[in-house]
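Asker: Following this message is one structure expressed as structure tokens.
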Amino acid sequence: MHVIIVGAGVVGCAVAYELASGGATVRVIDARGSGQGATRASAGMLAPYIEGHSTALLQLGVRSLAEYDRFVSRVAADAQRSIEYRRTGTLQVARTDEEARALERHGRALAESGATATLLDGREVRRYEPALATNVRAALLIPPHGYVRVGALMDALVDAAVSRGVQLSVARAQRIARVNGRVAVETAEGTLAADAVVLAAGSWSGGIPVDAAAAPVRPVRGQLLQLRLPRPPLSRVVWGSGGYVVPWEDGGVLVGSTVEEVGFDESVTAEGVRRLLERGERLVPALGAAVFEEARAGLRPATSDELPIIGASTTMRGVFYATGHYRNGVLLAPFTAVMVAELLLGDRERPELELVRPDRFGL
Ligand SMILES: Cc1cc2nc3c(=O)[nH]c(=O)nc-3n(C[C@H](O)[C@H](O)[C@H](O)COP(=O)(O)OP(=O)(O)OC[C@H]3O[C@@H](n4cnc5c(N)ncnc54)[C@H](O)[C@@H]3O)c2cc1C
């Protein structure tokens, strides 16, 4: 089977890798090369018990987190590269009584759903993370969470995909149509035809109509800082009400993130950087002395119900969607790839596809 994937972000590349591993002939096209969209700005947190704002999203996130060990070790082995991936947990912190009460409720709900989470008081929190601000009065420790360093993951994913025969090229898709019994992707450089096409163009997916149907995905900008200290200030990801801090092993520290409805504007702004510097320092005061390395911005692909769109198009045979992953594309990429690959290659429908069906948006 010959498959074209439109979009070389973490989702498109993971799908390409999985399909090629299953024996498909895969070509990925991207308007600007791999990993240049939202993926580039991602913090790489793997935290479904914090980000799972609905039962369906929680279910998908937990399922994808369960794939991560295997996914990273397969990609690293095929690429012959190492990927920084740690499951050191997250600490979700509270600085006010109200936040502490909300954490307690969240901890109870998690315990009832069978997840492991431990509520810590201020003294215990500082035993775990001495660099945290002294006004932190409680925290929820969620051990299964973690992070992956997204730049390293993308480099490895591209190499692993290529090692499985995937071809990557730069081309801008304009439209998808059916021509002579095949699916055709019209690009500025000409038309490419395949047995199947997977639309994985993140926030830009709606601009590539499938005949008349356009995926209702809108861009939500997020800005993120990359700072550096001589040593990691924390041993796990820390979440506060206004932001989060991700410590890498080499002293790199990510501080995120803003949530802005500004259309297709990928700029970093002075206001965004200022707010993130303040939030980071409020959580970890030592960040005031950090070296400023970079600020990045990305457009999270959001849908109206905050769930991705994954599965077969009901309006055009041979077209599949893998888009709309909003705040969790890195977390959800491995399971998205498994679901899409099984659907295309084995005609097997995982039950979770019911949660993310394209036809809920008439696609
Ligand atoms: C600040 C920030 C922090 C985040 N933190 C996390 C996190 O901690 N954990 C997590 O799981 N998620 C996080 N996310 C969300 C995550 O980054 C996204 O959900 C994910 O990157 C989406 O991946 P994607 O491959 O669908 O889209 P993208 O990475 O945006 O890739 C889409 C690709 O399509 C290409 N494209 C666009 N138009 C065309 C066209 N016409 N033809 C061909 N190609 C085209 C683009 O060039 C791009 O490369 C974060 C996002 C942001 C912005």
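Asker: Please work out the Cα center distance from region 307-335 to region 174-213, rounded to the nearest Å.
Answerer: Taking the Cα centre of region 174-213 as reference, the centre of region 307-335 is 15 Å away.
Asker: For region 70-121, count the residues as N, evaluate 2.2 N^0.38 Å, and divide the Cα radius of gyration by that value, please.
Answerer: Dividing the Cα radius of gyration by 2.2 N^0.38 Å gives 1.72.
Asker: Give me the compactness ratio for region 74-162, meaning the Cα radius of gyration over 2.2 N^0.38 Å.
Answerer: 1.44
Asker: Further, regarding this structure: Starting from the Cα of residue 32, step 7 Å along the direction of its Cβ; do the same at residue 191; then give the gap between the two resulting points in nm.
Answerer: With each label point 7 Å from Cα toward Cβ, the separation is 2.9 nm.
Asker: Using R₀ = 35 Å, calculate the FRET efficiency as 1/(1 + (r/R₀)^6) where r is the Cβ-Cβ separation of residue 274 and residue 235; round to 0.05.
Answerer: E(calc), rounded to 0.05, equals 0.80.
Asker: Search the structure for amide H atoms under 5 Å from the amide H of residue 257, placed 1.01 Å from N in the peptide plane, and list their residues when 5 or more places away or on another chain.
Answerer: Here 244 satisfy the definition.
Asker: Give me the angle, in degrees from 0 to 90, between the Cα long axis of helix 150-163 and the longest principal axis of the Cα atoms of the chain, rounded to the nearest 10.
Answerer: Tilt relative to the chain: about 30 degrees.
Asker: A further question on this structure: Taking Cα centroids, how far is region 90-153 from region 236-283 in Å?
Answerer: First find each Cα centre; the distance between them is then 18 Å.
Asker: Which whole-Hz couplings ³J(HN,Hα) result when phi for each residue of region 99-107 is put into the Karplus expression 6.51 cos²θ - 1.76 cosθ + 1.60, θ = phi - 60°, listed in order with x for Gly and Pro?
Answerer: Once rounded to whole Hz, the list reads 5, 5, 5, 5, 5, 4, 5, 4, x.
Asker: Continuing with the same structure: Can you give the Kirkwood hydrodynamic radius for region 175-300, in Å, rounded to one decimal and based on Cα pairs?
Answerer: 17.1
Asker: Here's something else I'd like to know. So what's Rg/Rh here for region 146-249, counting alpha carbon atoms and using the Kirkwood radius for Rh?
Answerer: 1.11
Asker: To check my understanding: the extent here is largest minus smallest coordinate of the Cα atoms along each principal axis. What are those three numbers for region 305-363, in Å, largest first?
Answerer: For region 305-363, the Cα extents along the three principal axes come out at 29, 24, 17 Å.
Asker: Report the FRET efficiency, 1/(1 + (r/R0)^6), for residue 261 and residue 111, where r is their Cβ-Cβ distance and R0 is 51 Å, rounded to 0.05.
Answerer: Once rounded, the FRET efficiency stands at 0.90.
Asker: Helix 10-21 versus the longest principal axis of the chain: what angle, 0 to 90°, nearest 10, using Cα atoms?
Answerer: With rounding to tens, the tilt is 60 degrees.
Asker: How many Å³ per residue does the convex hull of the Cα positions in region 1-57 occupy?
Answerer: 113
Asker: With charges only on Cβ, +1 for K and R and -1 for D and E, what is the dipole size of the chain about its Cα centre, in debye, rounded to 20?
Answerer: Result for the chain is approximately 320 debye, rounded to the nearest 20.
Asker: Could you work out [θ]222 nm for the chain from helices alone, using -39500 (n - 2.57) per DSSP H run of at least four and dividing by all its residues? Round to the nearest 500 deg cm²/dmol.
Answerer: -9500 deg cm²/dmol
Asker: Oh, and also: So how many Å³ per residue does the convex hull of the Cα atoms of the chain work out to?
Answerer: 127
Asker: Still on this model: What is the helix-to-structure angle for 55-79, meaning the angle in degrees between its Cα long axis and the longest Cα principal axis of the chain, kept from 0 to 90 and rounded to the nearest 10?
Answerer: Taking the Cα atoms of the chain, the angle to 55-79 is about 80 degrees.
Asker: Test of understanding: extend the Cα→C-beta vector of residue 87 to 7 Å, then name every residue of region 144-177 with backbone N under 13 Å from that spot.
Answerer: Answer for region 144-177: 144-148.
Asker: Right, here's the next one. Once phi is turned into ³J(HN,Hα) by the Karplus curve 6.51 cos²θ - 1.76 cosθ + 1.60 with θ = phi - 60°, what whole-Hz value does each residue of region 310-318 show in order, with x for glycine and proline?
Answerer: Each residue's phi maps through the Karplus curve to give 9, x, 6, 5, 9, 9, 8, 4, x Hz.
Asker: Rounded, prolate or oblate: which one fits region 27-81, using the alpha carbon gyration tensor with axes a ≥ b ≥ c (rounded when a/c is under 1.5, else prolate when a/b beats b/c, else oblate)?
Answerer: oblate
Asker: If you don't mind, another one. Which residues among region 132-153 fall inside the zone where the amide N is under 20 Å from a point 7 Å beyond the Cα of residue 101, along Cα→Cβ?
Answerer: Counting backbone N atoms under 20 Å from the label point, the list is 136-140.
Asker: For region 253-363, restrict the atom set to alpha-carbon positions and state the Rg and Dmax in Å.
Answerer: Expressed in Å, the Cα Rg and Dmax of region 253-363 come to 18.7, 56.
Asker: Rounded if a/c is under 1.5, else prolate if a/b is larger than b/c, else oblate: which is region 22-150, with a ≥ b ≥ c the root eigenvalues of its Cα gyration tensor?
Answerer: Judged from the Cα gyration tensor, region 22-150 comes out prolate (a/c at least 1.5, a/b above b/c).
Any read-out appearing in this document is the output of simple, stated calculations on the displayed coordinates, not a laboratory observation. What you see is a predicted model; the values in this text were computed from it and never measured. Don't worry about glycine lacking a Cβ; one is built from the backbone with ideal geometry, like all the others, and counts go over all protein chains shown.
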